[in-house]
Amino acid sequence: MENQERKKHWENIYQTKQLNEVSWYQPVPQTSLDLISKYVKSFDAKIIDIGGGDSFLVDHLIKLGYTNISVLDISEAAIERAKIRLGENANKVSWIVSDISKFEPTEKYDFWHDRAAFHFLTNKEEIQSYVQLVQASINSNGILSIGTFSENGPLKCSGIEITQYTEDSLSNLFTNGFEKIESFLVDHPTPFDTVQNFVFGVFRKDI
């Protein structure tokens with residue numbers, strides 16, 4: 001899918017569907033929160049949520065006391081929805097409207113969180129560009145956390161084809177400049193009484 005088509009698709013999704021009408025809806029993103037609590041020991045660490053949209057992750061991070069949070073999403077509508085929900089707390093977040101394949105960070109991050117954004121990249125060049133992006137954008141000893149559909153997960157999401165990963169195939173992408181810390185599978189129950197299987201990989205940036 002071309003960049004403009006991708007953006008148009010996601011703007012339409014967030015303009016026409018409610019929070020609980022999308023498969024990725026999570027009132028409490030427990031897996032992500034557990035990983036951040038486990039690996040981020042400083043409340044002023046730089047955390048970025050890739051494809052965060054109007055996810056509730058940022059709400060929980062603010063409540064926990066994290067003070068340096070960025071949320072990136074291709075959809076301006078998604079980010080505006082999150083801002084409205086957060087009210088004054090929205091001012092505590094750095095909001096970035098960008099296609100991840102075109103993102104040019106102006107700073108480095110201590111924790112790079114991506115749940116269900118990376119797997120929408122199906123072009124080999126875009127996948128490799130993403131790998132190079134995280135290599136350049138995470139601080140030494142920083143953490144990369146990626147969750148994607150596993151080989152037992154869906155082949156499409158929101159009508160778009162995705163790239164499935166196994167623990168090994170995900171890990172193999174991030175061998176240069178990263179040390180694998182852990183990987184695991186998680187079942188995500190959707191609002192439609194179905195289950196999506198995710199694989200998570202967690203990597204530490206080499207010094």
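Summary of values
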{"item": "Some residue of region 41-48 being among the β-branched types (Val, Ile, Thr), closer than 20 Å to Thr163 by Cβ and under 13 Å from the mean Cα position of the chain (by Cα)", "result": "no"}
{"item": "Checklist (1) crowded, with 17+ Cβ neighbours inside 10 Å; (2) closer than 25 Å to Leu121 by Cβ applied to Asn68, failing item", "result": "(2)"}
{"item": "Residue in region 57-65 that is free of Cβ contacts under 8 Å to residues at least 12 places away in the same chain and either out of contact with any Asp or Glu (no Cβ under 8 Å at 6 or more places or on another chain) or of a type in the set (Ser, Thr, Tyr) (or both) present", "result": "yes"}
{"item": "Given (1) surrounded by 15 or more Cβ atoms within 10 Å (Cβ to Cβ); (2) out of contact with any strand residue (DSSP E or B) (no Cβ under 6 Å at 6 or more places or on another chain); (3) more than 13 Å from Ile48 (Cβ to Cβ), number of the condition Ile162 does not satisfy", "result": "(2)"}
{"item": "Hey, Phe56 among the aromatic types (Phe, Trp, Tyr), surrounded by fewer than 17 Cβ atoms within 10 Å (Cβ to Cβ) and closer than 25 Å to Ile160 by Cα or not", "result": "no"}
{"item": "Residue match in region 12-25 (condition: out of contact with any helix residue (DSSP H, G or I) (no Cβ under 8 Å at 6 or more places or on another chain), closer than 21 Å to Ile146 by Cβ, modelled with pLDDT of 95 or more and not in a helix (DSSP H, G or I))", "result": "no"}
{"item": "Subset of region 176-207 (residues that are of a type outside the set (Gly, Ala, Ser) and in a loop (DSSP other than H, G, I, E, B))", "result": "Asn176, Thr190, Pro191, Phe192, Asp193, Thr194, Asp206, Ile207"}
{"item": "Evaluation of Asp34 against (1) surrounded by 17 or more Cβ atoms within 10 Å (Cβ to Cβ); (2) part of a helix (DSSP H, G or I); (3) under 16 Å from the mean Cα position of the chain (by Cα) (one fails), failing number", "result": "(1)"}
{"item": "Number of positions in region 134-177 that are among the aromatic types (Phe, Trp, Tyr) and in contact (Cβ under 8 Å) with a residue 60 or more places away in the chain", "result": "0"}
{"item": "Condition check for Ile127: touching a residue at least 40 places away in the same chain (Cβ under 8 Å), closer than 28 Å to Glu107 by Cβ and out of contact with any helix residue (DSSP H, G or I) (no Cβ under 6 Å at 6 or more places or on another chain)", "result": "yes"}
{"item": "Residue selected from region 165-186 under the condition among the acidic types (Asp, Glu) and closer than 22 Å to Ile207 by Cβ, by the criterion surrounded by the fewest Cβ atoms within 10 Å (Cβ to Cβ)", "result": "Glu179"}
{"item": "Filtered residues of region 73-107 (kept if more than 19 Å from Gln135 (Cβ to Cβ), out of contact with any strand residue (DSSP E or B) (no Cβ under 8 Å at 6 or more places or on another chain) and loosely packed, with under 15 Cβ neighbours inside 10 Å)", "result": "Ile84, Arg85, Gly87, Glu88, Asn89, Asn91"}
{"item": "Residue that is surrounded by the fewest Cβ atoms within 10 Å (Cβ to Cβ) [pool: residues in region 1-31 that are among the hydroxyl-bearing types (Ser, Thr, Tyr) and under 17 Å from Asp187 (Cβ atoms)]", "result": "Ser23"}
{"item": "Out of Asp54, Asp44, sole residue that is at pLDDT below 95 and part of a loop (DSSP other than H, G, I, E, B)", "result": "Asp54"}
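The values are calculated or read from the model by the stated rules, or taken from the named source; none is laboratory data. Quick caveat, the model's predicted, so the values are computed rather than measured. Glycine also receives a Cβ, built like all others from the backbone with ideal geometry; neighbour counts cover every protein chain displayed.
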